[in-house]
Amino acid sequence: MLRRSIYSQQRALAQSLSRTTQPQRSSFSSFSPIPSRTSPIVSQRLQRRWQSTEAEKKSEEAPNTTADAAKPEEDPVKKELETKSKEVVDLKDKYMRSVADFRNLQERTRREIESAKQFAIQRFASDLLDSIDNLDRALSAVPEHALKSGEAATSNTSSADPNVAAATETSSGTAPNQDLVNLHSGLKMTEDILMNTLKKHGLERFDPQEREGKKFDPNQDEATFFMAQEGKSDNEVFFTQSKGFKLNGRVIRAAKVGVVKNS
């Protein structure tokens with residue numbers, strides 16, 4: 001009897017314990033959550049993406065590693081040879097430029113020396129032009145008829161009969177012109193000798209009226225006045241006030257002239 005009561009108590013205690021440990025189900029306990037349909041797909045896509053990125057990283061790293069491995073080490077001798085070759089090219093270029101500059105300097109110096117030789121007397125010649133002009137004016141101041149009468153008197157005085165010569169001198173009165181003729185001839189010879197000497201050194205005198213066509217040349221002539229002239233065309237030189245001079249082809253003084261202007 002005692003055993004039976006103990007057994008019944010143990011059994012009741014076990015049932016009570018099993019009731020307390022078993023979870024209670026609510027009204028919603030029979031509801032089972034629907035599994036997400038996209039979760040496997042998303043997981044597969046993520047897995048594929050992760051695998052592709054990993055493959056790309058490996059493919060990117062592989063060429064770099066292969067390039068680094070395939071890249072040979074630079075040869076210091078070859079590098080130094082390239083550097084020296086560049087230096088040689090630069091030095092050669094500088095040398096050629098220096099040679100060209102030196103030759104240009106030689107040519108320029110030669111021209112300057114030659115020009116200095118040719119035009120060394122330019123200042124002296126310019127100072128001498130006034131004296132030449134005065135000598136030319138003195139010669140042109142004697143009229144031609146006075147020279148002709150003096151020459152006639154000279155021919156008459158050279159007659160064999162002294163009585164005829166004396167009569168001619170007293171009758172014509174032209175014997176005193178002989179001194180003028182002698183003076184004029186002496187000045188003329190002096191001018192010729194002076195101009196020939198200056199011509200040897202490159203100084204030449206020119207008269208625009210002796211030029212072919214007698215046209216006004218602004219490079220050589222200086223027009224001091226204009227005047228209408230019958231029978232002459234415009235821009236023609238009809239009067240020379242002072243002659244011009246050239247030194248080795250360079251005009252050191254232009255000729256002063258009068259120019260025709262009919263219009």
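Can you name the residue in the stretch 209-223 that is open to solvent by less than 70 Å² (accessible area, probe 1.4 Å) and within 27 Å of residue 124 (Cβ to Cβ) and is also farthest from the chain's Cα centre (by Cα) among such residues?
First, the residues of the stretch 209-223 that are open to solvent by less than 70 Å² (accessible area, probe 1.4 Å): 209, 211, 213, 216-217, 220-221, 223.
From what's left, within 27 Å of residue 124 (Cβ to Cβ): 211, 217, 220-221.
Numbers: 211: 38, 217: 31, 220: 29, 221: 32 Å.
That would be 211.
If I ask for residues that are touching a Ser or Thr at 6+ places or on another chain (Cβ under 8 Å) and surrounded by 15 or more Cβ atoms within 10 Å (Cβ to Cβ), which ones from the stretch 193-208 would you list?
In the first step, residues of the stretch 193-208 are kept if they are touching a Ser or Thr at 6+ places or on another chain (Cβ under 8 Å); the result is 207-208.
Matches in the stretch 193-208: 208 only.
Residues are listed down the side, and each one gets a yes or a no for (1) at pLDDT 85 or above; (2) open to solvent by 70 Å² or more (accessible area, probe 1.4 Å); (3) assigned to a helix (DSSP H, G or I):
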{"position": "47", "(1), (2), (3)": "no, yes, yes"}
{"position": "53", "(1), (2), (3)": "no, no, yes"}
{"position": "61", "(1), (2), (3)": "no, yes, yes"}
{"position": "73", "(1), (2), (3)": "no, yes, no"}
{"position": "85", "(1), (2), (3)": "yes, no, yes"}
{"position": "100", "(1), (2), (3)": "yes, no, yes"}
{"position": "114", "(1), (2), (3)": "yes, yes, yes"}
Does residue 125 satisfy the condition of being small (Gly, Ala, Ser), within 19 Å of residue 204 (Cα to Cα) and open to solvent by less than 90 Å² (accessible area, probe 1.4 Å)?
yes
Looking at (1) open to solvent by less than 50 Å² (accessible area, probe 1.4 Å); (2) at pLDDT 50 or above; (3) not in a helix (DSSP H, G or I), which is the only condition residue 174 fails?
(2)
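The values are calculated or read from the model by the stated rules, or taken from the named source; none is laboratory data. As the structure is a computational prediction, the values presented were derived from the model and not from experiment. Glycine also receives a Cβ, built like all others from the backbone with ideal geometry; neighbour counts cover every protein chain displayed. For accessibility, only protein heavy atoms count, side chains too; no ligands or nucleic acids. Shrake-Rupley method; radii C 1.70, N 1.55, O 1.52, S 1.80 Å.
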